[in-house]
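A.B. asks: Structure incoming, see below.
Quick note: the coordinates plus some simple rules give every number you see, no bench work behind them. This is a predicted model, so every value here is computed, not measured. A quick note on method: Cβ atoms are made from the backbone with ideal geometry, for glycine too, and the neighbour counts reach across all protein chains shown.
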Amino acid sequence: MALVVQKYGGSSVADAKSVKRVAKRIAEAKRAGNDVVVVVSAMGDTTDDLLDLAAQISPLPPKREMDILLTAGERISMSLLAMATNNLGIKAKSFTGPQAGVITDAAYGKARIVDVVPHRIRRTIEKGQVAIVAGFQGVNKKEDDVTTLGRGGSDTTAVALAAGLDADVCEIFTDVDGVFTADPRIVPTARKIHRVTYEEMLELAASGAKVLALRAVEYARRYGVPLHVRSSFSGAPGTLVSGTYGDLIDPNAPDGDEEEDVMEDPLISGVAHDRSEAKITVTGVPDKPGMAARIFEVVAASGSNIDMIVQNVSAASTGRTDISFTLPEGSGPSALAALRDVKGEVGYDSLEFDDQIGKLSLVGAGMKSHPGVSARLFGAVRDAGINIEMISTSEIRISIVTRADSLDDAVRAVHTAFGLDSLEGEAVVYAGTGR
Ligand code: ADP
Ligand code: ASP
Ligand code: MG
């Protein structure tokens, strides 16, 4: 008998009809002879609606209260799903994150899972029942408060439970048929990827491909949990996320064949995009040692995570330079305030804030061993008449910043330039608002 952890995202349980449809899938998995643990997200756009509601009450609500509010979304879906499953003659019980033994640190709004002690879930399985767990939430034992895991955190709950229960597979059910070579909402000709390594999925998720939450992929890699990303609306097989780049090289191949094995793997796994960042430019920074250090010290102290950084060559006549960096849009105000505080000390001229940027990232383990990938990327963007404002690279990723309103065109142009377009018709987006 296999132990299966199934996670259903918000668009899969958006209304009463969808909840009943998902209950049928759960019943099928159970009747097929599996032990089944389910993790469920809040219905539809509930979490966004709760965030909007809180914003109408308070511009800066206490983080603890925010987390208590947001965990309500998953409590609604878990109990309704348990009712629907019971109606089909399958015994099911719902549990909050704390009841399921998801222990986190105290970082409200972005808590990390530090332990999983799923005693009650185990007992439920042993009784032959289905456990339905609220995703995205846990408990901080020190304060005995509920916490949330950050947006998309139900994926992380599912992976952590799969690891804690030593499940055979963790299935992530969503509103598309798997992980595609680009977001099918932007590139209808995107192709489904059958298998992708943890490293590539990490880069895609970190670059904005929200089909899987970044922390869930990190957790899956650390504990070796294979993920199967698939649609809750179809029976089609999805994408397997497992293994590492090293596994692609056959250890038994005779000398000289390793390269060939790698070459057979696609050069590029996909194109991700991200509209959630903003750019800050500090102009007229005196070009002397210690200035960059000071700027980024205060930005770090404001709690902002920096992504890309560009420093221009200083103009010989002025001895001054401009430094630009990107960060999550929401961190903008606190980073700007921190920089204003050190204006006198650093002696820069001005600060510019730009939230109309978009980031495109090309990801693929194969680019390690192939020259010319950057040139082809930049050429495709040039041919689309789009200007590149910033560039950064990792071993298996190249990212560029463009104007936000050119981003979709850039993604489509790059997708085509790397031969990723599917010849088999358009990808299906079954549900969801893309919010
Ligand atoms: P869920 O509610 O199931 O958690 P999400 O909205 O969080 O679903 O994630 C699924 C969405 O991720 C898809 O509808 C799609 O628009 C988006 N997405 C972005 N990049 C990709 C990609 N490379 N492959 C598939 N989907 C992607
Ligand atoms: N409901 C939460 C969110 O919208 C968690 C999740 O869906 O994974 O971010
Ligand atoms: Mg999600």
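A.B. asks: Write down Rg/Rh for region 263-345, rounded to two decimals, with Rg from the C-alpha atoms and Rh from the Kirkwood relation over Cα pairs.
C.D. replies: The Rg/Rh ratio comes out at 1.12.
A.B. asks: Follow-up. Which of the trypsin sites (Lys or Arg not before Pro) found in region 1-103 are in a DSSP loop and have at most 15 neighbouring Cβ atoms, other than their own, within 10 Å?
C.D. replies: Those that pass, being in a loop and sparsely packed, are Lys91.
A.B. asks: Can you run the Rg to Rh ratio on region 375-418? Use alpha carbon positions and the Kirkwood inverse-distance Rh. Don't skip to the end; give the middle numbers.
C.D. replies: Values: Rg = 9.8 Å, Rh = 10.5 Å.
Across region 375-418, the Cα-based Rg/Rh ratio is 0.93.
A.B. asks: Per DSSP helix of 4 or more residues, -39500 (n - 2.57); summed, then divided by the residues of the chain. What does that give at 222 nm, rounded to the nearest 500?
C.D. replies: Working: 13 runs with 145 residues, N = 435.
The per-residue figure over the chain is -10000 deg cm²/dmol.
A.B. asks: Over all directions, what mean area does the Cα convex hull of region 315-435 project, stated in square nanometres? Each step should come with its number before you reach the end.
C.D. replies: Numbers: hull surface 46.4 nm².
So the Cα hull casts an average projection of 11.6 nm².
A.B. asks: Quick one, can you get me the convex hull of the C-alpha atoms of region 110-217 expressed as volume per residue in Å³?
C.D. replies: On the way: hull volume 13.3 nm³, N = 108.
Enclosed volume per residue, from the Cα hull, is 123 Å³.
A.B. asks: Hey, for a label at Gln311 modelled as a point 7 Å past Cα toward Cβ, could you say which residues of region 329-365 have their backbone N under 19 Å away?
C.D. replies: It comes to 339-340, 342-352, nothing else.
A.B. asks: Another question, if that's okay. For region 73-170, report the % of Cα-Cα distances exceeding 16 Å. Write down the numbers at each step before the final one.
C.D. replies: Values: 2536 of 4753 pairs.
For region 73-170, the share of Cα pairs beyond 16 Å comes to 53 percent.
A.B. asks: OK, next. Counting Lys +1, Arg +1, Asp -1, Glu -1, what net charge surrounds Val282 among other residues with beta carbon under 10 Å of its beta carbon? Don't jump to the answer; show the numbers that get you there.
C.D. replies: Numbers: positive: Lys343; negative: Asp322, Asp349, Glu352.
Result for the local shell: -2.
A.B. asks: Now for a different question. Once the piece of chain linking Asp168 and Glu297 is laid out straight, how much longer is it, given 0.36 nm per residue of separation minus the C-alpha distance between them? Write down the numbers at each step before the final one.
C.D. replies: Numbers: separation 129, 0.36 × 129 = 46.44 nm, distance 4.45 nm.
Fully extending the segment from Asp168 to Glu297 adds 42.0 nm.
A.B. asks: Going from the alpha-carbon gyration tensor of the chain, what semi-axes, largest first and in whole Å, does one get by taking the root of 5 times each eigenvalue?
C.D. replies: Numbers: eigenvalues 301, 165, 76 Å².
Equivalent ellipsoid of the chain: 39, 29, 19 Å, largest first.
A.B. asks: Something else now. Scanning the chain for helices, which whole DSSP H stretches are 24 Å or more long along the axis (Cα) and average -0.5 or more by Kyte-Doolittle?
C.D. replies: On the way: long enough: 63-87 (37 Å, 0.06).
Membrane-span-like by this criterion, though nothing is claimed about a membrane: 63-87.
A.B. asks: Once the Cα atoms of region 71-124 are picked out, what are the Rg and Dmax in Å?
C.D. replies: 13.1, 40
A.B. asks: To the nearest Å, what is the center-to-center distance of region 127-193 and region 1-58, using C-alpha atoms only?
C.D. replies: 10
A.B. asks: With loop defined by DSSP as not H, G, I, E or B, and exposure as at most 13 other Cβ atoms within 10 Å, which is the longest segment of the chain clear of exposed GluC sites (Glu not before Pro)? Mind dumping the intermediate values first?
C.D. replies: Details: sites that count: Glu143, Glu395, Glu424, Glu426.
Between exposed loop sites, the widest span is 144-394.
A.B. asks: I would also like to ask the following. Using the structure shown, select from Lys63/Lys141; Lys279/Lys359; Lys288/Lys359; Lys93/Lys127; Lys142/Lys210 the pairs with a Cα to Cα distance greater than 22 angstrom. Provide the component values of the computation, followed by the final result.
C.D. replies: Details: Lys63/Lys141 17 Å; Lys279/Lys359 11 Å; Lys288/Lys359 30 Å; Lys93/Lys127 11 Å; Lys142/Lys210 31 Å.
Distance filter (> 22 Å) returns Lys288/Lys359; Lys142/Lys210.
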